[in-house]
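**Student:** Dropping a structure here in structure tokens format, bear with me for questions.
The values are calculated or read from the model by the stated rules, or taken from the named source; none is laboratory data. Note that this is a predicted model, so its numbers are computed, not measured. Cβ placement follows ideal geometry from the backbone for every residue including glycine, while neighbour counts extend to all protein chains displayed. Note: accessible area is taken over every heavy atom of the protein model, side chains too, but ligands, DNA and RNA are not part of it. Shrake-Rupley method; radii C 1.70, N 1.55, O 1.52, S 1.80 Å.
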Amino acid sequence: MQATIFTVTVLILALIGYYMGRSRAVSSVGGNIRELHSLPRHYGYYVGMWCGLPALLICVVWFIFEPEIINSMVLGSVSSVTAETSSAMLARILSDVKFIAANGTDVSRATPELIVAAQRYIELKQFGTTALAVSILSFAIIGLVIGTRTIGQKLQARDQVEKVIRYVLLASSIVAILTTIGIVSSLLFEAIRFFGKIPFTDFLFGTEWSPQIAMRKDQVASEGSFGAVPIFAGTMLISFIAMCVAVPVGLLSAIYMSEYATPKVRGFGKPVLEILAGIPTVVYGFFAALVVAPTVRNIGEGWGLEVASESALAAGLVMGVMIIPFVSSLSDDVIRAVPQSLRDGSYALGGTKSETVINVVLPAALPGIVGGVMLAISRAIGETMIVVMAAGLSANLTANPLNAVTTATVQMVTLLVGDQEFDSPKTLAAFALGLVLFCVTLCLNVIALRVVAKYREKYD
């Protein structure tokens, strides 16, 4: 709420600066805007940026570092906190202090020391809010004065605005890249901790997955096995089944919608098909568990086959249905982007519609189709809810789609749910699974880029 108020305040100040800059530019040439270097709105943008960007930057920096600064100052006022205090205990003390600050001293966990710390916390928050408000107003006023004073007939406001926009776009790109690097680094750091406890070869080539280990020395539990081969075999099996459903159906429906359907049929059929993309995955999970899995089991048993109650086939079939709209929509857009002149050339040479689609349209659209399929594979690999409800949690190393299997994402969720020590191999195994999954999807993207580069054709 506080961030919203300050952000809205900065935007209002920038808007005021915009109108002041615009009016000053017009008045500086006596109303004859032809004598200005840029349009009046560019002068408004120029002053608005001077007024809003520094204040907005102050807001962002403050809200990033404010919690850490206040927390360290509050903990410094608690006498029981020492350098040897664990991070879990520090988090608990901070939680108690914030709870007392929010609910008053009439709570069961309030001690004199924590009450003093809570009062210190409230004082620091109030001081920070006041200081931030004063800083925002000061920087906005200073920016407004500097911006309006520099406005003149020869000021190249348009070029200055374009330069600022270029820097903003560059900063956004850098933030996106650094965020990705940070996520991968955190994943890699925790995975290295796991491999310090479990050998890398045992994890990558082991065939037994049983991560249950004793949390305490007096607790009876298994030693834990972290062979990830059954996990990734199950992931690949379900993804393969899903792709066998999604790719043919999605691609053929895209060809029909783009090349054969009348505008009336397309206007009705395409939105209906894309409605599937808006259905929550938990609904697909219910459908898989209550309808598809029993049906698969009944059909299999009717043929004398042994079918598990939760099978890879049921999960893969429903996952494929879920992915059909992705493949269909992306392929449809790519096929429709093929220049009509190519189709006309094929027809002029005597080609039929189907021959034109097979020999001209699909090869031209192949890079985009491959990209859509790779996106669908990534979606299948990352899906969790359907697998939990329809394929089970059993880490079986099997290629039989009628057996119960599990996937990497499902195991990552189960490993991180519940009361677990964060530095135990069981918890850290989730990061190792995530790292391998990241490498797999990265390889798929590289393959997709190479395929696209090989078959890409340019049309003038």
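**Student:** Could you give me the residue pairs with C-beta distances under 6 Å whose first residue belongs to segment 29-46 and is touching a residue at least 24 places away in the same chain (Cβ under 8 Å), whose second residue is basic (Lys, Arg) and open to solvent by 70 Å² or more (accessible area, probe 1.4 Å) wherever it lies, and which are 6+ apart or on separate chains?
**Tutor:** Pairs that qualify, where the first residue is touching a residue at least 24 places away in the same chain (Cβ under 8 Å) and the partner is basic (Lys, Arg) and open to solvent by 70 Å² or more (accessible area, probe 1.4 Å), are Ser38/Arg158; His42/Arg158; Tyr43/Arg22; Gly44/Arg22.
**Student:** Checking the condition open to solvent by less than 30 Å² (accessible area, probe 1.4 Å), at pLDDT 80 or above and touching a helix residue (DSSP H, G or I) at 6+ places or on another chain (Cβ under 9 Å), which residue from Ile122, Ile151 passes?
**Tutor:** Ile151
**Student:** Identify, from the list Gly368, Gly350, the residue that is modelled with pLDDT of 85 or more and over 20 Å from Leu276 (Cβ atoms).
**Tutor:** Gly350
**Student:** Determine which member of the set Arg41, Arg34, Arg22 is part of a helix (DSSP H, G or I), surrounded by 18 or more Cβ atoms within 10 Å (Cβ to Cβ) and either touching a Phe, Trp or Tyr at 6+ places or on another chain (Cβ under 7 Å) or of a type outside the set (Asp, Glu) (or both).
**Tutor:** Answer to the selection: Arg22.
**Student:** It is to be established whether one or more residues within segment 83-102 are open to solvent by 40 Å² or more (accessible area, probe 1.4 Å), over 30 Å from Leu13 (Cα atoms), part of a loop (DSSP other than H, G, I, E, B) and of a type in the set (D, E, K, R). Write out each step before concluding.
**Tutor:** To start, the set of residues in segment 83-102 that are open to solvent by 40 Å² or more (accessible area, probe 1.4 Å) comprises 83-84, 86-92, 95, 98-99, 102.
Still in the running and over 30 Å from Leu13 (Cα atoms): 83-84, 86-92, 95, 98-99, 102.
When the remaining residues are screened for being part of a loop (DSSP other than H, G, I, E, B), the result is 83-84, 86.
Keeping just the survivors that are of a type in the set (D, E, K, R) gives 84.
So far as segment 83-102 goes, yes, one or more of its residues are open to solvent by 40 Å² or more (accessible area, probe 1.4 Å), over 30 Å from Leu13 (Cα atoms), part of a loop (DSSP other than H, G, I, E, B) and of a type in the set (D, E, K, R).
**Student:** With segment 345-460 as the region, which helices (runs of 4 or more DSSP H) entirely inside it contain at least 3 residues that are free of Cβ contacts under 8 Å to residues at least 40 places away in the same chain and open to solvent by 40 Å² or more (accessible area, probe 1.4 Å)? Let's see the steps before the verdict.
**Tutor:** Details: elements: 353-356, 362-382, 385-390, 408-416, 425-455.
It comes to 408-416, 425-455.
**Student:** Same structure, new question: If Ile33 meets every condition in (1) within 16 Å of Val134 (Cα to Cα); (2) touching a helix residue (DSSP H, G or I) at 6+ places or on another chain (Cβ under 7 Å); (3) of a type in the set (Val, Ile, Thr) apart from one, which number is that one?
**Tutor:** Going through (1) within 16 Å of Val134 (Cα to Cα); (2) touching a helix residue (DSSP H, G or I) at 6+ places or on another chain (Cβ under 7 Å); (3) of a type in the set (Val, Ile, Thr) one by one, Ile33 breaks only (1).
**Student:** Which one of Ser394, Ser378, Ser311, Ser329 is at pLDDT 85 or above and among the hydroxyl-bearing types (Ser, Thr, Tyr)?
**Tutor:** From the options Ser394, Ser378, Ser311, Ser329, the qualifying one is Ser329.
**Student:** While we're looking at this one, here's another question. Return the residue satisfying two criteria in turn: it lies in segment 61-82 and is part of a loop (DSSP other than H, G, I, E, B) and among the hydrophobic types (A, V, I, L, M, F, W, C), and of such residues it is surrounded by the most Cβ atoms within 10 Å (Cβ to Cβ).
**Tutor:** Residues of segment 61-82 that are part of a loop (DSSP other than H, G, I, E, B), as a first pass: 77-82.
Still in the running and among the hydrophobic types (A, V, I, L, M, F, W, C): 78, 81.
Values: Val78: 19, Val81: 17.
The qualifying residue surrounded by the most Cβ atoms within 10 Å (Cβ to Cβ) is Val78.
**Student:** Read through the list (1) on the phi > 0 side of the Ramachandran plot; (2) surrounded by 12 or more Cβ atoms within 10 Å (Cβ to Cβ), then give the number of the only condition that Glu113 fails.
**Tutor:** Failing condition for Glu113: (1).
**Student:** Still on this structure: Consider Val161 carefully, then state whether it is part of a helix (DSSP H, G or I), of a type in the set (A, V, I, L, M, F, W, C), over 16 Å from Ala430 (Cβ atoms) and in contact (Cβ under 8 Å) with a residue 12 or more places away in the chain.
**Tutor:** Judged against the criteria, Val161 is a match.
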